[in-house]
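Here it is: the structure, laid out below.
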Amino acid sequence: MEQIQFIYVTVKDMAEAEKIGRILVTEKLVACANLIPHITSIYLWKNALNVDQEVLLFLKTKSSLVEEVVARTKALHSYEVPCIVTYEAKNGNSDYLEWIRNSL
């Protein structure tokens, strides 16, 4: 049975999150995209401390699609170096995990 992956992406605003999420779902690269507004990110970029409001884009897909999702997300993303990190879904509602597999 193919493993499910969750992909954590931060974006500049809700419009960008919705654009990327809609495209990835429509192209059947992800089964679902959750848009979580109002996160605060504190980080160093080019030797400067930044504090920004961002949106978390949480994606759900199959392992076999991860490389394509990462590449497509990078192509659609406005950041020079976007945060795109994957996590393996090890446990959970087996019916939901199967829904993800069957959606793609």
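So how many residues does region 1-44 have that are in contact with a Gly (Cβ under 7 Å, 6 or more places away or on another chain) and either loosely packed, with under 13 Cβ neighbours inside 10 Å or over 17 Å from LYS62 (Cβ atoms) (or both)?
1
Go through region 37-63 and count every residue that is over 19 Å from HIS77 (Cα atoms) and hydroxyl-bearing (Ser, Thr, Tyr).
Qualifying residue count, region 37-63: 1.
Condition check ((1) at pLDDT below 95; (2) touching a strand residue (DSSP E or B) at 6+ places or on another chain (Cβ under 7 Å); (3) more than 11 Å from LEU24 (Cβ to Cβ)) across all residues:
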{"site": "ILE42", "(1), (2), (3)": "no, yes, yes"}
{"site": "ALA48", "(1), (2), (3)": "no, no, yes"}
{"site": "GLU54", "(1), (2), (3)": "no, yes, yes"}
{"site": "LEU57", "(1), (2), (3)": "no, yes, no"}
{"site": "VAL66", "(1), (2), (3)": "no, yes, yes"}
{"site": "ARG72", "(1), (2), (3)": "no, no, no"}
{"site": "GLU80", "(1), (2), (3)": "no, no, yes"}
{"site": "VAL85", "(1), (2), (3)": "no, yes, yes"}
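Another question, if that's okay. Got a sec? Which of SER78, SER64 is of a type in the set (Gly, Ala, Ser), exposed (fewer than 13 other Cβ atoms within 10 Å of the Cβ) and assigned to a loop (DSSP other than H, G, I, E, B)?
SER78
Also, quick follow-up: Can you pull out the residues in region 45-59 that are of a type outside the set (Phe, Trp, Tyr) and surrounded by 11 or more Cβ atoms within 10 Å (Cβ to Cβ)?
As a first pass, look at region 45-59 and keep what is of a type outside the set (Phe, Trp, Tyr): 46-57, 59.
Scanning region 45-59 gives ASP52, GLN53, GLU54, VAL55, LEU56, LEU57, LEU59.
I've got another one for you. Select from region 1-52 the residues that are farther than 17 Å from TRP99 by Cβ, among the small types (Gly, Ala, Ser) and in a strand (DSSP E or B) and list them in ascending order.
Once the filter is applied, which keeps residues that are farther than 17 Å from TRP99 by Cβ, among the small types (Gly, Ala, Ser) and in a strand (DSSP E or B), region 1-52 yields SER41, ALA48.
The values are calculated or read from the model by the stated rules, or taken from the named source; none is laboratory data. The structure displayed is predicted, hence computed values, not measured ones. Methodologically, a virtual Cβ is constructed for each residue, glycine included, from the backbone with ideal geometry; neighbour enumeration extends over all protein chains shown.
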